[in-house]
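The values are calculated or read from the model by the stated rules, or taken from the named source; none is laboratory data. Keep in mind the model is a prediction, meaning the values are calculated, not measured. Methodologically, a virtual Cβ is constructed for each residue, glycine included, from the backbone with ideal geometry; neighbour enumeration extends over all protein chains shown.
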Amino acid sequence: MRVLLILLPMALTAQVTAPRSPAKPKPAPPTQSTAQATSMTDEQKTIYALGLSIYRSLGPFNLSPGELAIVEKAMSDASSGKPALELNEWGPKIQPFAQTRAAAGVEKEKAASEAFLAKAAEEQGAIKTDSGLVYRELRPGTGASPDATSTVKVNYRGTLVNGTEFDNSYSRNEPAQFALNGVIRCWTEGLQKMKVGGKAQLVCPANLAYGDAGRPGIPGGAALIFEIELLDLVGPNPPVSPATAAPPQ
């Protein structure tokens, strides 16, 4: 999923020469699930997508497999017209339950992020700034450095501390272009340390990224890891298009 993380704030619903195209991954062997999807009609695929959407909406609850089984049972009971309890009585308890579970998830994510940030700061060549950003140069650049209002062209890959990728401009085969005064603070600070043609890793604490709220695909309290190539400075701030998205404030 393209997370479009680096866009300007939005409602919740992500070198001097051209970089080499990433190697194309070998196709994964078909699984039972992919074979099943191939046999579905478009309508069935849409309904399947509905199920995926419902599952994603349950993310803030951090449900265990046993708790997911209860959800499935409730849907089955509702479908048969025989729910085991009254929704009007228990429905109002859902929101405070979600808030409690989300808060616990944020604290767990923060603990994992703090451990990762501490380890990243000990890497050879890493610099931890006063803000908490951990910056590490992977390849020196030879061109100019941007300032806080520059518009830049970059390629980047973003991951969570567990290695899950949430955004990747390489996979779109199109660099991102954006103004540094319209992005998350980690990028505004980190990109100014780079020179055109260079590559760096930014490890961003949550308070310099998406905070406790998170974003779709990014848990609240999560530290983010970006590998960024600064391709060019492109002058006056152009409009940001969906295909050239970048990190928000």
When the stretch 115-143 is checked residue by residue, the ones that are outside any loop (DSSP other than H, G, I, E, B) and charged (D, E, K, R) are K119, K128, R136, E137, R139
Quick test of your reading of the structure: P205 fulfils all but one of (1) surrounded by 24 or more Cβ atoms within 10 Å (Cβ to Cβ); (2) under 16 Å from T129 (Cα atoms); (3) touching a helix residue (DSSP H, G or I) at 6+ places or on another chain (Cβ under 8 Å). Name the failing condition by number. (1)
With criteria (1) touching a Lys or Arg at 6+ places or on another chain (Cβ under 8 Å); (2) hydrophobic (A, V, I, L, M, F, W, C); (3) assigned to a helix (DSSP H, G or I); (4) at pLDDT below 70, A37 comes up short on (4)
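Say whether the condition of being in contact with a Lys or Arg (Cβ under 7 Å, 6 or more places away or on another chain) and either farther than 15 Å from D232 by Cβ or outside any helix (DSSP H, G or I) (or both) is met by at least one residue in the stretch 145-155.
yes
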Pick out the one residue from Y156, Y170 that is buried (at least 19 other Cβ atoms within 10 Å of the Cβ) and among the hydroxyl-bearing types (S, T, Y). Y156
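Residue-by-condition table, conditions (1) within 30 Å of Y55 (Cβ to Cβ); (2) surrounded by fewer than 15 Cβ atoms within 10 Å (Cβ to Cβ):
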residue: S150; (1), (2): no, no
residue: E165; (1), (2): yes, yes
residue: N181; (1), (2): no, yes
residue: A209; (1), (2): yes, no
residue: G217; (1), (2): yes, no
Residue under question is S145, and the condition is that it be polar (S, T, N, Q), over 18 Å from A115 (Cα atoms) and crowded, with 20+ Cβ neighbours inside 10 Å; does it hold? no
Count - residues of the stretch 171-219 that are more than 20 Å from S145 (Cα to Cα), in a helix (DSSP H, G or I) and at pLDDT 95 or above: 3
Which listed residue, of F97, F116, is loosely packed, with under 14 Cβ neighbours inside 10 Å and among the aromatic types (F, W, Y): F97
Could you tell me how many of the residues in the stretch 41-82 are over 21 Å from R215 (Cα atoms), within 28 Å of the chain's Cα centre (by Cα) and assigned to a loop (DSSP other than H, G, I, E, B)? 1
For E229, only one of the following conditions fails: (1) modelled with pLDDT of 95 or more; (2) surrounded by 21 or more Cβ atoms within 10 Å (Cβ to Cβ); (3) of a type outside the set (A, V, I, L, M); (4) touching a Leu at 6+ places or on another chain (Cβ under 6 Å). What is its number? (4)
